[in-house]
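**Student:** Dumping the structure here so I can ask a few things about it.
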């Protein structure tokens with residue numbers, strides 16, 4: 001059983017209309033080994049923080065995600081589509097490196113740290129102090145992040161096909177220097193092992209609706225854990241065979257089975273992964 005924070009479970013149970021059925025929430029939480037008290041405390045914190053509004057009480061209650069919460073937890077379908085397109089060889093790298101450099105004064109340290117975090121979140125890697133690199137055309141997102149932090153004037157963007165660090169310009173070697181690929185690969189191996197176990201359960205069949213929901217939530221949580229630190233480098237920059245490719249294929253097979261029978265009122269996760277499964281099958 002995958003250990004999932006209760007707050008993550010609540011977010012995962014949000015349906016397309018922004019609501020959470022607390023009956024389903026408590027049932028899945030029980031399958032995950034969470035106590036009713038644990039769920040109640042989490043709901044209390046989330047409503048106190050203004051992330052959800054509660055209607056009713058106990059298992060008959062309904063949680064409504066606020067607009068800000070819905071934006072925050074919305075699955076990034078473009079990100080999912082890119083990773084599977086790369087796995088299919090449909091998004092080849094054009095050989096261009098995209099760099100972002102900045103020099104933000106010490107008095108604006110908070111903004112400087114925020115920009116650094118944004119670049120890492122976008123899959124960039126530090127080349128040297130104040131200089132980050134990505135193989136993807138990330139300029140619009142970087143400009144947006146810098147503008148939101150008020151440091152757009154401190155930002156320099158450039159792209160090149162001729163990039164050296166030390167004594168090498170070999171792209172795969174550079175990627176191995178800049179990104180922690182061993183750690184990322186290990187996360188995908190864990191995902192592959194978990195997805196294989198769930199695929200066996202789903203193939204065998206006989207799971208209740210609550211069990212199926214639990215599999216979906218756990219699968220999404222483990223997938224997110226493996227994917228968040230992954231910069232989604234093109235295959236041309238990765239060691240081969242890359243474990244992420246096989247892990248994602250297993251996840252897609254799981255979701256194909258989970259989506260085989262329509263589930264009215266299912267968590268929005270089902271809609272997000274339906275697009276992935278459709279793209280893999282096409």
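**Student:** Can you work out which of the residues in segment 145-158 that are free of Cβ contacts under 8 Å to residues at least 24 places away in the same chain and surrounded by 13 or more Cβ atoms within 10 Å (Cβ to Cβ) is farthest from residue 100 (Cα to Cα)?
**Tutor:** The residue in question is 148.
**Student:** So, in segment 61-89, exactly how many residues are touching a helix residue (DSSP H, G or I) at 6+ places or on another chain (Cβ under 7 Å) and assigned to a helix (DSSP H, G or I)?
**Tutor:** 8
**Student:** Filter segment 43-83 for residues that are in contact (Cβ under 8 Å) with a residue 40 or more places away in the chain and within 30 Å of residue 158 (Cβ to Cβ) and give the result.
**Tutor:** 77, 79, 80, 81, 82, 83
**Student:** Mind checking which residues of segment 159-172 are without any contact (Cβ under 8 Å) to a residue 60 or more places away in the chain, touching a strand residue (DSSP E or B) at 6+ places or on another chain (Cβ under 9 Å) and either exposed (fewer than 12 other Cβ atoms within 10 Å of the Cβ) or assigned to a helix (DSSP H, G or I) (or both)?
**Tutor:** Passing the criteria: only 162.
**Student:** Name the residue that is surrounded by the fewest Cβ atoms within 10 Å (Cβ to Cβ), counting only residues in segment 117-137 that are touching a strand residue (DSSP E or B) at 6+ places or on another chain (Cβ under 8 Å) and more than 19 Å from residue 181 (Cβ to Cβ).
**Tutor:** Only one residue fits best here, namely 137.
**Student:** Among the residues of segment 90-128, which ones are part of a loop (DSSP other than H, G, I, E, B), closer than 13 Å to residue 138 by Cα and free of Cβ contacts under 8 Å to residues at least 24 places away in the same chain?
**Tutor:** Within segment 90-128, 122 is the sole residue that qualifies.
Throughout, read-outs are computed from the coordinates displayed, never taken from laboratory work. What you are looking at is a predicted structure, and each value in this text was computed from that prediction instead of being measured. For neighbour counting, all protein chains shown are included, and Cβ atoms are generated from backbone atoms with ideal geometry for every residue, glycine included.
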